[in-house]
1. Just check the stretch B:32-113 against the gyration tensor rule for me: Cα atoms, a ≥ b ≥ c as the square roots of the eigenvalues, rounded for a/c under 1.5, and otherwise prolate or oblate depending on whether a/b exceeds b/c.
2. Averaged across A:36-48, how many Cβ atoms of other chains sit within 10 Å of each residue's Cβ atom?
3. Which whole number in µm²/s is D for the protein assembly as shown by Stokes-Einstein, with the Kirkwood Rh taken over Cα pairs at 37 °C and 0.692 mPa s?
4. What ranking do A:59-69, A:25-35 get when scored by the average of other Cβ atoms within 10 Å per residue, highest first?
5. Determine the principal axes of the Cα atoms in the stretch A:1-107, then give the extent along each, sorted from largest to smallest and rounded to whole angstroms.
6. Per residue of B:40-49, count partner chain C-beta atoms within 10 Å of its C-beta, then hand back the mean as an integer.
7. Could you sort the peptides B:57-69, A:75-87 by per-residue average Cβ neighbour count (10 Å cutoff), highest mean leading?
8. Can you give the extra length, in nm with one decimal, that the chain gains between B:N53 and B:K67 once fully stretched, where that is 0.36 nm per residue apart less the Cα-Cα distance?
Amino acid sequence: DAGITQSPRHKVTETGTPVTLRCHQTENHRYMYWYRQDPGHGLRLIHYSYGVKDTDKGEVSDGYSVSRSKTEDFLLTLESATSSQTSVYFCAITQSGLMNTGELFFGEGSRLTVL
Amino acid sequence: QKEVEQNSGPLSVPEGAIASLNCTYSDRGSQSFFWYRQYSGKSPELIMFIYSNGDKEDGRFTAQLNKASQYVSLLIRDSQPSDSATYLCAVNVYGGSQGNLIFGKGTKLSVKP
């Protein structure tokens, strides 16, 4: 168990409102990731972090920002939510300590609905 | 655009049969290949990885890799109803903005008692 907690697990919000999803880990893993999963698209990387204050964009980063001010927390923010951002969001870590070897451990997911 | 392709299924097999899940990838430079299992409403979990051509066995699961054909497969022997899930193929690629890992869309497996 990599000790990943995502919050909130479920959220319904309205278009145009800001939303922040939190990923918290307890085991000092360096690399953390945010993915979204949508029917017909599979898992797609939004942003990832390779250390405190070190982040980079993934495949679908438009409309999202991230912050990592502490090793244990990786925040995903939707500044102004849109209906196209309705999705299930997964946080993940790389247990090996290496950059995205593919051996990911995922959190339980956060289901976001934007009305 | 680097891609990972899987048949979406559903693939239906009877209990006790062998389930064969297939995946093709476009990046010839890929070196690492992964299979994740995802139960409905749950998060993906890593079940197998393979780096070299050939077969890799772990219990009832066998991963097969053919880099020349850009093909990776997962065999599940003695399939059980508890194996019913969506199986995601993931490939480690180099370059681009994907954070080096691209997922297929998944194949849904249904094992009938």
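1. oblate
2. That average works out to 4.
3. Approximately 182 µm²/s, per Stokes-Einstein.
4. With the highest mean Cβ count within 10 Å placed first, the list reads A:25-35, A:59-69.
5. So the three principal-axis extents are 37, 30, 24 Å.
6. Per-residue shielding by partner chains comes out at 4.
7. The peptides rank, most packed first, as A:75-87, B:57-69.
8. 4.4 nm
Every read-out reported here was derived from the displayed coordinates using simple, explicitly stated rules and does not represent laboratory data. What you see is a predicted model; the values in this text were computed from it and never measured. For neighbour counting, all protein chains shown are included, and Cβ atoms are generated from backbone atoms with ideal geometry for every residue, glycine included.
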